[in-house]
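See structure below.
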Amino acid sequence: MTEKKKHLVWPDLAFMEFLTAIALTIILIVWGLLANAPLLEIASPTRSENPSKAPWYFVGLQELLVYFDPWIAGVMIPAIIILCLMVIPYIDRDPHGSGEYTFSLRKLAIINFIFGFLMWLILIFIGYFLRGPNWQLYLPWESWEKVKELEENLWSLNPEIGLISLIIYFGLGMMMPKLIKKDFYKKCGFVRYVIIMLSILLMYFVPVKIFLRLVFNIKYVLVTPWFNI
Amino acid sequence: MTTDINKTGISRRSLLQIAGWGSLLVTFGITIGSILRFLYPRVLFEKPSTFNIGFPDEFKTDGSTSHRVYENWKEEQSVWVVKERNRIYAIHAKCTHLGCTPNWFAEEGIFKCPCHGSQFRGNGVNFAGPAPRPLDRFKLSIGKDGMIIVDKSRVYTFKEFEKPEAYVEV
Amino acid sequence: MNVGATRRVAPTFIFMKLTRNKLILNAVFCLTLVAVIIWALYAEYDRPWKKFQKEKIQQLRLQDLGETDRCITCHQGIDKPGFSNKPQPFKTHSGDYLKHHKVEKFGCVTCHEGQGAALTVDDAHGDVKNWTKPVLKGSFAQSSCGKCHPMNHKLPLTVELKGAPVFIQGWKLFNEYNCIGCHKLKGYERPERIGPALTAIGSKVNRDWLIKWLKDPKEYLKNTKMPGPKLSDNEIGYMADYLLSLTVGNENPPTSPFFKGGIYSPLIRGVRGVPPPLAKGGEGEFEKGDSVEGKNLVKELGCLGCHMIDEKGNNFAPDLSGIGNKVNADWPYRFLKNPKAYDPKAKIPDFVMSEEEIQNIAVYLVTLKKKGREKGDVIPAKAGIQRDNWIPGQARNDITKVFTGQNKFLLKNINKGKKLVKDKGCTGCHEIEKLPAGYDAPPLDGIGSKRVDELFWGNITDIKKTLADWLMMKVMHPEKFTSDKIVARMPNYGFNEQQAKALVTFLLGARKDAVPVKYMKTLIEPDSPEIRGKKVFEKYNCLGCHKLNKKGGDVSVDLTKEGKKSRPDWLFAFLKTPYKIRPEPILKARMPDFKLSEKEINNAIEYLAFLSEIPYPYPFELKKEVQPEDIDDGEKLYHEIFACVGCHRVNGRGGQVGPDHTDVASRLTKEWFEQWLKDPQSIQSDVRMPKFKFQKWEFEALTNYLLTLGKYRFVQVKKTD
Amino acid sequence: MKGKNLRNKITDSQIYKSVFRHTYTDTKENRTLQIKSNVFLHLHPVKIPSHAMKIRFTWCMGGITFFMFLVEVITGILLMFYYRPVPEYVYLDMKYLEFDVPFGIILRNLHRWAAHLMLVTIMLHMLRVFLTGSYKPPREFNWVIGVVLLVTTFLLSFTGYLLPWDQLAYWAITVGTNMIRAAPVIGHEGPFALLNKYNDVRFMILGGTEIGANALLRFYVLHIMALPAAAIIFMAVHFWRIRKDGGISRPL
């Protein structure tokens, strides 16, 4: 690409940055004057807050605790997210759309990323705004005074059925692009293809599991002596 | 550009300049001032500077010595209370040389500073070592209830020892 | 880099070449910024406490209590006298609390709670979110007294804590109403149950009365501590059936419908081994009495010293106004015959009455009925067997049927009633069969530290969400906490607002936070002859009949000068076993036998000495020795010249108007006796004994004669061998 | 023209010239020098493409995040003057900060709100970088560093959350750290757990089996020292890489 037009950083960009900094300072000070940072009662190990919420940026993960065991929601999922984020540049070898906004050239990448990003935000929204005492769902206009009790009877799939359905989910998922769009596989190569599909399938597994839980009351898809999924 | 426009343009420009940069300067000034103010706490969690040491007649010299040094307040307040024949005064337990804490040797009747070897008599007057002047004293007064109050915020040096607030007459 | 050579210094600031728009933008942004910064400055310096203190915050650092107390920043006059009339926050602290609780040692929040470190009105007083200890308003502040002066049930109710009257009243109410019967609180053990034992209630009351009583106890007895248990008509029926099945000799009714009859004989076994006169032969015995005589007896014996009949009398013992409605006709007779047989804990003293007297009183009592209380007026309970009434004999028949397994329907009711009795916590106050005491209500430990969100609010929305308001509601209207899910079991004791406040003050004092030991000062029971004696007098309601310093009843003698009058050894003997000092036909009143313990008697005697302002123990006088002839003179004067025997009696001879003189020397002190003989009216103005104006030898001789009578003598006859 | 003489004297002095190496004449050369000779400004290139000047292209999120970081550093350092990381004092210190320390409450508010804002902007920054495909060669590694910075920011915020020692802090951290308890292999309640309560990774992080004095001190040290140091180092690499990998996002 040719360098069509260039601006001197000094003073043009520097001035913009300067104004941004001042604007942000103003916003922060006004915010700080209008709202005090929360300070609850002194920490007491004997009395839990109800609900006890994680900091808002982790509330999405906490929300997942409803659907997954802690080791998945709290450890595996964040670890996988971080890993997947890190490997993005190495698995997305499509040279199109580098350094510019484009949707048509990178449909798959953008759709999946936005999906994951929105999921993260939505889970935070649900966890932060819609969860009340005992981690029950409360709409924003509902009063927390009225205590809701947990009423559900959950069941788990048989280990055999669970295993089979997991295999079907991942197997079909893996095969699908290969069948539909053959050049995609070719472009990626085996290892990349597996990593891409695995991370995408894992990501979609989260809403699938939430769906199974909410609609069919399924607690675990796969029950094993060591862990449950 | 005509001269007219130029003239008004310039004056408006400079006004804007002054308003803009000037207020930025003010902001910096206020911020730095505020940060300095931040470093001066409004309340202290230090010990109060005055404390009670009891009634005057609780201090007695036994017949053998003319002085008696009470060490009861040294640990908490770094103060020795001394009873002389007819007066009581409070000595600051801080060497006038470089601020070490001397020790009281009752047998010898001498304060000795361990840091540089200054020595003081029982009344706090220096007689050996590098100390430039006798040990300082604190203000004493008698409270409403008749007890002696030591005020550590007011220090009396050698020349002021004879001031009436520097001791209590018995 | 080549500098200097082409150097031309720009005269203005670096952004000289900014366009006009940028300049304006810059100016707007920077001006806004400076405005915001000034706002921040203003916010920082606009602190409410600065109205009271310039730049300096006053604070107390209480290391031991872990508190930083800045209340004195605004409340500056708190420990300075002379500001009592100034408005808050300058006002001097009320009372002399600060005299004993130095501000420097206790600070403010130790007693008043609130947020000591805070410096705005709202924050400091704690009416804010995220601060659990708001300022205790008004008398609630007294609840903190219990932090350092712990109360418990072992302290007598006479304990005083000056400056905390409300708290102490609350503590007394807590004890009097036996809250500990159902709740638990550290330092308090379940005491003797305060309500009457219901072990044999079926022998005592009739069904109509019982049903009405269970519906609304206050309707029958205004001052009763019994709460309305808020039962449905059905439940009342079950409960009545159950309670009425508890008859004398039947304190363990069967609970299983598979109970096999035949082994149980309700009419034979008595309570605690004392068989009461319940055999058929006893029935109707009381009817022989005369109710008019009974009425007089009740008056003269001093029953009204403790009981109340038709608004007359005292409130120490149960009101008898409507007893005729309440009890089975034969019950007063049986009870008076042997009170302890019915209730071993009955406080009624032994009047040593004759059979005739008992019959008269019993008949009279049965006639005592309240208007509108007649049969038929009673709201019939829906449950249970529909019967117009439940007369004692029939009741016993029915119960016998139950026990022999014949009336299964009634048995079902009885079992339902029993369950109700357990559920409602009746056993907290009443002894019923051998049921465990009390319903296990939530423990009250640390209730004063409860957070609002730890409390159950049910459907209550119309009060402020504070702990104190919650407790007030709980004490005054516990039934309002019943919601669709939870039935509030606590009954309504009908406390008025003042009582409720006192109780809440006491409850707020049950806190979790501990005070360092050096702040603690345990209350000790005040002890003096006066207090010890008063306790005995109060326990046995002596002032129901006697007078002390113009207070008390006038059934019997004034005790104000009794210490001067009577010898302590005689008093001891008399209180141990009272007897009639004046002969019977003249005066029916008599000192009943309270079965006082020796310690109590001694306390009472010491108290009487204290009231007469004479030393205790008494100095014993030397005996005077007289010649036998001197006594003969006195005897002559007594029996013949002055004819004292016309009214008095000695050794079974003489009149019965005045007191018997046989034992006079043992009874009275010498000084009293002599004063009396000289001028009786100077001691008791309305006495009928005439003033004789004896000559000196006559006086001596009479004294010599009388004071040698009896066991303890001041005067001794010289032995002549 | 006395003033002018004085000014010239100052600007011609050796001291002045040793500090400011270029003149203030508004020339292209000086504008370039302004950027190049200033350690702070030279995070920027001298020139940038015009599209990068448009806020709708960059959203300015990276810059704002960095600015927030600076705010955090400044306010954080100031707050440390009144903060003692000991359970007995810490909550009271927060109260004192609110009630009596001059400008204490506003500083705490700034610190807290800027932290929240920083998390928002860093997430948006990542979204923007992804949408413009700016992780593509040669910038792959800088994306990875960006992810590391994202995680560091989360951890900074998370460790700071405990420091007020209130109920919110305590239970948020309890919930957060209890997830580690369930980590596979290294947590004592997770699948395939090898370790027990007293030697698993949660124990290491908290310095105990529950949140107490040790945990507070650890979180404090992480929050004020370890994590900011890491952040600064990675930021340096991040910025340097941006310059070296072709500057602002654009098709290469």
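Largest accessible area first, the listed residues C:353, C:239 line up as C:353, C:239 when surface is computed with a 1.4 Å probe on the assembled protein chains. Restricting attention to the protein assembly as shown, close to 90% of DSSP beta bridges with both partner residues there are antiparallel. Converting phi to 3J(HN,Hα) with the Karplus coefficients 6.51, -1.76 and 1.60 and the offset θ = phi - 60°, the range A:35-46 yields 10, 7, 4, x, 9, 7, 5, 4, 4, 9, x, 8 Hz in sequence order, with x at every glycine or proline.
On alpha-carbon atoms, Rg over Rh for the range C:284-365 using Kirkwood Rh? Ratio of gyration radius to Kirkwood radius: 0.92. Between amide H atoms placed 1.01 Å from N, distances below 5 Å from residue B:142 occur with B:149, all of them 5 or more places distant or on a separate chain. Straight-line cross-link reach from residue C:137 at under 12 Å between alpha-carbon atoms covers these aspartates and glutamates, not counting any fewer than eight positions away in the same chain: C:113, C:127, C:469.
Secondary-structure-derived ellipticity at 222 nm for chain D, considering helices only, amounts to -20500 deg cm²/dmol, per-run term -39500 (n - 2.57) for DSSP H runs with n ≥ 4. Treating the angle as unsigned and between 0 and 90°, give the value, to the nearest 10°, between the Cα long axis of helix B:3-38 and the longest Cα principal axis of chain B. Helix B:3-38 sits roughly 20 degrees off the main axis of chain B.
Whole-percent P(r), the protein assembly as shown, all Cα pairs, 10 Å bins from 0: 1, 6, 9, 11, 12, 12, 12, 11, 8, 6, 4, 3, 2, 1, 0, 0, 0.
The overall shape of the range B:50-169 is prolate: from the C-alpha gyration tensor, with semi-axes ordered a ≥ b ≥ c, the ratio a/c is 1.5 or greater and a/b exceeds b/c.
About the Cα centre, and with charges only on the beta carbon of Lys, Arg (+1) and Asp, Glu (-1), how big is the dipole of the protein assembly as shown? Nearest 20 debye, please.
Approximately 5920 debye in magnitude.
Annotation: amide H of residue C:566 within the under-5 Å range of C:669, sequence separation 5 or more or interchain, hydrogens built in the peptide plane.
State which stretch of chain A is the longest one without any exposed chymotrypsin sites (Phe, Trp or Tyr not before Pro), exposure meaning a DSSP loop state and at most 12 other Cβ atoms within 10 Å. Within chain A, the longest run free of exposed chymotrypsin sites (Phe, Trp or Tyr not before Pro) spans A:1-102. For the set C:131, C:672, solvent exposure ranked by accessible area (probe 1.4 Å, protein chains only) runs largest to smallest as C:131, C:672.
Rounded, prolate or oblate: which fits the range C:624-717 when a ≥ b ≥ c are the square roots of the eigenvalues of the alpha-carbon gyration tensor, with rounded for a/c under 1.5 and prolate only if a/b beats b/c? Rounded. Highest GNM mean-square fluctuation among B:31, B:50, B:61, for chain B modelled with Cα contacts below 10 Å: B:31. Calculate the tail of P(r) for the range C:83-190: the fraction of all Cα-Cα distances greater than 21 Å, expressed in %. The share of Cα pairs beyond 21 Å in the range C:83-190 comes to 47 percent. The chymotrypsin sites (Phe, Trp or Tyr not before Pro) of the range D:1-92 that meet both conditions, a loop assignment by DSSP and at most 10 other Cβ atoms within 10 Å of the site Cβ, are D:40. Overall, the ratio between the Cα radius of gyration of the range C:529-611 and 2.2 N^0.38 Å, rounded to two decimals, is 1.03. Listed cross-link partners C:299/C:547; C:215/C:434; B:47/C:147 are compared with a 21 Å cut-off, the Cα-Cα value being larger for C:215/C:434; B:47/C:147.
Applying D = kT/(6 pi eta Rh) to the range C:52-135, where Rh is the Kirkwood radius over alpha-carbon pairs, T corresponds to 4 °C and eta to 1.567 mPa s, the Stokes-Einstein value obtained is 99 µm²/s.
Sparsely packed loop sites in the range C:514-582 (the chymotrypsin sites (Phe, Trp or Tyr not before Pro) outside DSSP H, G, I, E and B with at most 13 other Cβ atoms within 10 Å) comprise C:579. Given a cut-off of 18 Å, name the pairs among A:148/C:474; A:146/C:474; C:172/C:539; C:222/C:312 whose C-alpha atoms lie farther apart than that in the structure shown. Check vs 18 Å cut-off fails for A:148/C:474; A:146/C:474.
When A:203, A:176, D:118 are compared by accessible area at a 1.4 angstrom probe, the order from most to least is A:176, A:203, D:118.
Beyond 32 Å in Cα-Cα separation lie the following of the pairs C:186/C:419; C:129/C:424; C:418/C:534; C:337/C:535; C:418/C:480: C:129/C:424; C:418/C:534.
What fraction of the Cα pairs in chain A, stated in percent, has a spacing above 22 angstrom? Of all Cα-Cα distances in chain A, 68 percent exceed 22 Å. Restricting the calculation to Cα atoms, the range A:23-134 shows an Rg/Rh of 1.09 when the hydrodynamic-style radius is the Kirkwood one.
Once backbone amide H atoms are built at 1.01 Å from N, residue D:25 has C:8, C:10 as its partners under 5 Å, excluding neighbours fewer than 5 places away on the same chain.
With a ≥ b ≥ c the root eigenvalues of the C-alpha gyration tensor of the range D:1-139, is it rounded (a/c under 1.5), prolate (a/b larger than b/c) or oblate? In terms of gyration-tensor shape, oblate. What the phi angles of the range B:129-143 give under the Karplus curve with 6.51, -1.76 and 1.60, with θ = phi - 60°, is a coupling list of x, x, 4, x, 7, x, 4, 6, 10, 10, 6, 10, 8, 9, x Hz, glycine and proline written as x.
Counting lysine pairs in the range C:51-106 whose alpha carbons fall under 22 angstrom apart, excluding pairs fewer than 8 residues apart on the same chain, gives 18. Only one residue of B:126, B:110, B:88 has its Cα farthest out toward the positive end of the dipole of the range B:69-170, where Lys and Arg carry +1 and Asp and Glu -1 on Cβ, and that residue is B:126.
The solvent-accessible area of residue C:567, taken with every protein chain present and a 1.4 Å probe, is close to 30 Å². For chain D, the Kirkwood radius over C-alpha pairs fed into Stokes-Einstein at 10 °C and 1.306 mPa s yields D = 74 µm² per second. Ligands, DNA and RNA aside, residue B:57 has an accessible area near 110 Å² when probed at 1.4 Å. In the range C:455-510, one over the average inverse separation of all distinct C-alpha pairs is 11.6 Å, which is the Kirkwood hydrodynamic radius.
The values are calculated or read from the model by the stated rules, or taken from the named source; none is laboratory data. All values derive from a computational prediction rather than experimental measurement. Cβ sites come from the backbone with ideal geometry, for glycine too, and all protein chains shown count toward neighbours. Calculation scope for accessible area: heavy atoms of the full protein, side chains included, ligands and nucleic acids excluded. Shrake-Rupley method; radii C 1.70, N 1.55, O 1.52, S 1.80 Å.
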